[in-house]
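See below for the structure under consideration.
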Amino acid sequence: MAATEPRAEAPASKGSGSTVRVRALIALALVAVVVYLLDQVTKFFIVSTLTEGEQVKAIGEILQFHFVKNSGAAFSIASGSTWIFSIAASAVTIFIIGFARRIRSVAWAVLFGMLLGGTTGNLTDRLFREPGFGVGHVIDFILVKGFPAIFNIADSFIVASMGLFILLTIRGIGLDGRRTSERQAAGGVDVPTEAEHPISNTDTK
């Protein structure tokens, strides 16, 4: 019997697609909540135990906690532009919430969850910390030997989300979880466009 060519997988049924979307939304929400809580709990601990400017060793000289207040962007960039970053962070948060329904990939859901949790963590500081609403200073405290800036948990996850974005893009994995070659083999369904990669240049602190 002659060999037959392997057939490309047919697109998922509507019911299956809904299940995948719900799974991705749950993953996004869980990651966002965990990141947000980690960020806020660690900031509460730092504010409660250290005075501003105080520095203590966590792991010798490699990792230290240095309590500072930052009015700029991630890693203390552009200090003094607090309102601009508050508006930008609010816009990113609204965008992610609105965009989430398009996600079918758990990996992309984790990416957006990290970004959302980190963004809202720093936005909370800007909205509710001194000196006032919308211009509050972000709590930074992580000092790594050899790294030129002090940062926090939210910053770490924002950067991690950018790294995951690059990895998924290089591997050609779209928001539906399929590689570019798989979508093309299935007849060009959902071929990714630039609109499917919306966070390539996001500053969210």
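Below are the figures for this structure:
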quantity	calculated
Which numbered condition residue 51 fails, given (1) of a type in the set (Val, Ile, Thr); (2) outside any loop (DSSP other than H, G, I, E, B); (3) at pLDDT 95 or above	(2)
Residues of segment 131-151 satisfying the condition of being under 26 Å from residue 165 (Cβ atoms), without any contact (Cβ under 8 Å) to a residue 12 or more places away in the chain and of a type in the set (Gly, Ala, Ser)	146
Inter-residue pairs, beta-carbon under 6 Å, first part of a loop (DSSP other than H, G, I, E, B) and in segment 103-130, second among the hydrophobic types (A, V, I, L, M, F, W, C) and surrounded by 24 or more Cβ atoms within 10 Å (Cβ to Cβ), 6+ apart	103/24; 103/109; 104/24
Subset of segment 131-172 [out of contact with any strand residue (DSSP E or B) (no Cβ under 9 Å at 6 or more places or on another chain), part of a helix (DSSP H, G or I) and either within 18 Å of residue 117 (Cα to Cα) or of a type outside the set (Val, Ile, Thr) (or both)]	157, 158, 160, 161, 162, 163, 164, 165, 168
Yes/no for residue 107 being under 14 Å from residue 23 (Cα atoms) and of a type in the set (Gly, Ala, Ser)	yes
Qualifying residue in segment 147-156 (condition: exposed (fewer than 14 other Cβ atoms within 10 Å of the Cβ), closer than 20 Å to residue 65 by Cβ and not basic (Lys, Arg))	yes
Segment 89-119, subset closer than 19 Å to residue 24 by Cβ and of a type in the set (S, T, N, Q), residue nearest to the chain's Cα centre (by Cα)	119
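The values are calculated or read from the model by the stated rules, or taken from the named source; none is laboratory data. Values in this document were obtained by computation on a predicted structure and should not be read as measured data. All Cβ positions, glycine included, derive from the backbone under ideal geometry; neighbour counts span all protein chains shown.
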